[in-house]
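The values are calculated or read from the model by the stated rules, or taken from the named source; none is laboratory data. Computed from a predicted structure; not experimentally measured. Here the Cβ positions follow ideal geometry from the backbone for every residue, glycine too, while neighbour counts run over all protein chains shown.
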Amino acid sequence: MTQIDLLHLTRTYPRQTASALADVSLRVASGTLTALLGPSGSGKSTLLKLIAGIEAPEHGDICLDGQSILARPAHQRGTVLVFQKAYLFPFLSVTENVAFGLKIQRIHPARIRAEVDRILDLVELPGMGSRRPTQLSGGEQQRVALARALVTQPRVLLLDEPFSSLDAAVRQTLQEAVRRIQRELGITTVLVTHDLAEALAMADQVALLDHGALLASDTPQRLFQRPPTSRAALLMGISTFLHGELVGNHLHTNLGRFRIEAPDIPSGRATYAIRPEHIRLCAQPGLNALPAQLLTHSFRGEHSEYQLRVGDQLLRVRSMSPTTYSEGQQLFIQFPPELLFPIADTPELGIT
């Protein structure tokens, strides 16, 4: 197992004023899976290419188990990169595709056969070695690509959105398979994704990237419930921010006074946030409740999405409960004190 340390990495492409990566530092613990989450152009794939040795940074260092690998060519780093497309050789069988890297290493044929059979069992493709890529589904092709990567026993596995072209059911099955294999082998893995649910389901650590900057990194649970800044919160699906003056356990805003539970921060200007599923809709006024008009309601299967107008602000609420509310209805929107949390923010965002 291998620990990855990314130290102050900066990468700028020609004819681009902004850096693709700007002073990014991150540790990936040995044997864990870290998801790099962020929108397109945030620097996620660039970071993978730097680790793999496909590109080089202008500044910074990349260390595996404390040893810099910047001077090593890509094929000597012990890293392997799996792309969004499987990129299998169409004229080779599954067995030949998986065995390709071992043949380059001049491994004995008997050992190659044993390793290929073992890894095909691991990715749940037993008995399919004689098939060609054109005879496989998209999910099966990605399993072959994964097997081809793992059979060489790399120190680090790099996954660049390998599930994004698959339908939902196949994507979830393959996510579960990759997570199981990663844990079974104990291989240090970095996954690039723009899918929040995928990052939360698969990762031991989620690192949020935006415009080439690392916004935050933490466990999926802590980052989902308590992102540290407004930019991080927006990437985690939070869009409601309360700005005001904190006095004791009350936050005074232009819309009214909100009770805050155990603020643990000094009085003064403060910003609090709340997840959309923690906001409550009710027909009667109550603690931390504001009058609101229900504008739209969208049924999403497992939950419902609501858009409401509060003063001159539009708020989004997610509810797991069935409702009898109708569009245009006047309601109250409530912010439970125990579910509001402090966040580093700027006055430009949220309710003031």
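Summary of computed values
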quantity: Test: residue in the range 296-313 that is closer than 23 Å to Arg222 by Cα and either outside the structural domain of Gly256 (by TED's automatic domain parsing) or modelled with pLDDT of 85 or more (or both); calculated: no
quantity: Test: residue in the range 179-190 that is of a type outside the set (A, V, I, L, M, F, W, C), closer than 17 Å to Leu21 by Cα, out of contact with any strand residue (DSSP E or B) (no Cβ under 6 Å at 6 or more places or on another chain) and surrounded by fewer than 23 Cβ atoms within 10 Å (Cβ to Cβ); calculated: no
quantity: Filter result for Leu215 (farther than 21 Å from Lys85 by Cβ and either buried (at least 20 other Cβ atoms within 10 Å of the Cβ) or polar (S, T, N, Q) (or both)); calculated: yes
quantity: Exclusive hit being among the small types (Gly, Ala, Ser) and touching a Ser or Thr at 6+ places or on another chain (Cβ under 6 Å), set Ala71, Ala35, Ala29, Ala18; calculated: Ala35
quantity: Pairs where the first residue, in the range 125-136, is touching a residue at least 40 places away in the same chain (Cβ under 8 Å) and the second is in a loop (DSSP other than H, G, I, E, B), C-beta under 7 Å, 6+ apart; calculated: Arg132/Pro90; Arg132/Ser93; Pro133/Leu88; Pro133/Pro90; Thr134/Pro90
quantity: Residues (of a type in the set (Phe, Trp, Tyr), under 33 Å from the mean Cα position of the chain (by Cα) and not in a loop (DSSP other than H, G, I, E, B)) located in the range 287-338; calculated: Phe299, Tyr306
quantity: Candidates Gln307, Gln313 - the one that is out of contact with any Leu (no Cβ under 8 Å at 6 or more places or on another chain) and either of a type in the set (Asp, Glu) or within 30 Å of Leu209 (Cβ to Cβ) (or both); calculated: Gln313
quantity: Residue that is farthest from Leu37 (Cα to Cα), among those in the range 143-200 that are among the small types (Gly, Ala, Ser) and either touching a helix residue (DSSP H, G or I) at 6+ places or on another chain (Cβ under 6 Å) or in contact (Cβ under 8 Å) with a residue 12 or more places away in the chain (or both); calculated: Ala147
quantity: Answer residue from the range 261-319, given it is under 14 Å from Leu339 (Cβ atoms) and in contact with an Asp or Glu (Cβ under 6 Å, 6 or more places away or on another chain) and is surrounded by the fewest Cβ atoms within 10 Å (Cβ to Cβ) among those; calculated: Glu261
quantity: Single residue of Pro57, Pro73 found to be modelled with pLDDT of 90 or more, farther than 20 Å from Pro154 by Cα and not acidic (Asp, Glu); calculated: Pro57
quantity: Some residue of the range 44-54 being modelled with pLDDT of 90 or more, over 21 Å from the mean Cα position of the chain (by Cα) and either exposed (fewer than 15 other Cβ atoms within 10 Å of the Cβ) or not hydrophobic (A, V, I, L, M, F, W, C) (or both); calculated: yes
quantity: All strands (runs of 3 or more DSSP E) inside the range 160-231 with 2 or more residues being more than 21 Å from Ser30 (Cα to Cα) and hydrophobic (A, V, I, L, M, F, W, C); calculated: 213-218
quantity: Those helices (runs of 4 or more DSSP H) lying entirely in the range 67-157 with at least 2 residues within 25 Å of the chain's Cα centre (by Cα); calculated: 138-150
quantity: Members of the range 255-269 that are modelled with pLDDT under 90 and among the hydrophobic types (A, V, I, L, M, F, W, C); calculated: Leu255, Ala262, Ile265
quantity: Unique residue being buried (at least 18 other Cβ atoms within 10 Å of the Cβ) and at pLDDT 95 or above when the list is Leu26, Leu122; calculated: Leu26
quantity: Long-range neighbours under 7 Å by Cβ, at least six apart or interchain, first residue more than 16 Å from Gln329 (Cα to Cα) within the range 285-304, second at pLDDT 85 or above and charged (D, E, K, R); calculated: Leu287/Arg259; Asn288/Arg259; His303/Arg318
